[in-house]
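So the structure is just underneath, and the comments pick up after that.
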Amino acid sequence: MSFLSAQGILIFFLLGMFVFSFFSEQFLSQSNIMTVVRQASIIGIIAVGVTVVIIGGNLDLSVGSMLSFSTVLVVDLHDKVGPTMAILMMFALTLMLGAVNGILIGFLRLNSLIVTLAMLSAIQGFVLIYSGGQNVDIANQGGTWFAFFGRGYLAGIAVPILLFGLLAILVQVVMSYTSYGRRIFAVGGNPMAAVYSGIRKNWCVFSTYLISAFCVACAALVLGSRVMGSQNNVGQGYELLVLAGIILGGTSLLGGAGSIWKTVIGVLILGFIQNGLLLMGYPYYIQWIVTWGIIILAVWLDLANKRKRLLTTHS
């Protein structure tokens, strides 16, 4: 039972892959698998950062609008100041948005749900003001190295997949084997005890939002260079997909528990489910209904694992 509780997400992932393979011969082909992982990489990169925030006991619902802001910014600045400066300026401004979240939540101790929900709306407003409500595109798409991040390959592997994997490994190592990671788990698990232990909770919370913003900037770099353009609402709905992958991976929304590698599996499960449904001929909107069902089931099983029973006995 303990093995099932600890490795249930991996078992579910393998079982899902096995089931979908019966309905489509293409599902387990190398090209399809690499396509799915590449498509899931943007959500996965963001989910890595948001997982750290949630382990620290908070939420970040602003990542969708932040992705829109960062993607529009880097694409628009590309032709004005060049790709190198555009990337640096985009990362700097995105980290500033993360710092705003961190200050409001970490130092002013405002509720993370309310703050990031408000930031979601505010940032989207900034995007519309900056872009004038227009989409942006790179003029000379064939004459810039900027496309490498979204369309390039290294050793036969797509760059978005490599970036996703490297970020996931790096953050997993930091969270599992460093004192910083242990402090984040402590702050999310028992904030009062963490403070009495001498942990500077406000700085820990602040840092988690910087990590989240950095991951959003990386995702925006991939997205902008893949499309070589951007709609002003390109990140709309990403926050829900990111949360779905994280919850499916078993990270507790109450904080203090979670795993980066399980978040990666959760994101991949969503990607392969969406791909499998498409290969089976189901329309796109069915994916949202199935995603809803998966989230409800994952949250229920998470609570059941904490209660040690599937159903509560309290009325």
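The values are calculated or read from the model by the stated rules, or taken from the named source; none is laboratory data. Since the model is a prediction, treat every value here as computed from it, not as a measurement. What goes into the accessible areas is simple: the full protein's heavy atoms, side chains included, and nothing from ligands, DNA or RNA. Shrake-Rupley method; radii C 1.70, N 1.55, O 1.52, S 1.80 Å.
Here is how the numbers come out for the structure above:
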quantity: Relative contact order [Cα under 8 Å, 6+ residues apart], the chain, whole percent; calculated: 33 percent
quantity: Under the Karplus curve 6.51 cos²θ - 1.76 cosθ + 1.60, θ = phi - 60°, whole-Hz ³J(HN,Hα) for region 242-259, x wherever Gly or Pro sits; calculated: 5, 4, 4, x, 5, 5, 4, x, x, 5, 6, 5, 7, x, x, 8, x, 8
quantity: Accessible surface of the chain, 1.4 Å probe, proportion on carbon and sulfur as whole %; calculated: 69 percent
quantity: Helix-only CD estimate at 222 nm, as mean residue ellipticity for the chain, using -39500 (n - 2.57) per DSSP H run (n ≥ 4); calculated: -24500 deg cm²/dmol
quantity: Shape of the chain, Cα gyration tensor, a/c cut at 1.5; calculated: oblate
quantity: Shape call, region 42-149: gyration tensor on alpha carbons, a/c limit 1.5; calculated: prolate
quantity: ³J(HN,Hα) computed for each position of region 269-284 - Karplus, 6.51 cos²θ - 1.76 cosθ + 1.60, integer Hz, glycine/proline x; calculated: 4, 4, x, 6, 5, 4, 5, x, 5, 5, 5, 7, x, 7, x, 4
quantity: Karplus (6.51, -1.76, 1.60) ³J(HN,Hα), θ = phi - 60°, over region 207-216, in Hz, Gly and Pro reported as x; calculated: 5, 5, 6, 5, 5, 4, 5, 4, 5, 4
quantity: Per residue, in Å², the accessible surface of region 113-211 once ligands and nucleic acids are set aside, probe 1.4 Å; calculated: 56 Å²
quantity: Global geometry of region 112-189, whether rounded, prolate or oblate, following the gyration tensor of its Cα atoms and the 1.5 cut on a/c; calculated: oblate
quantity: Within a Gaussian network of the chain (alpha carbon springs, distance under 10 Å), most fluctuating of S112, S207, S179; calculated: S179
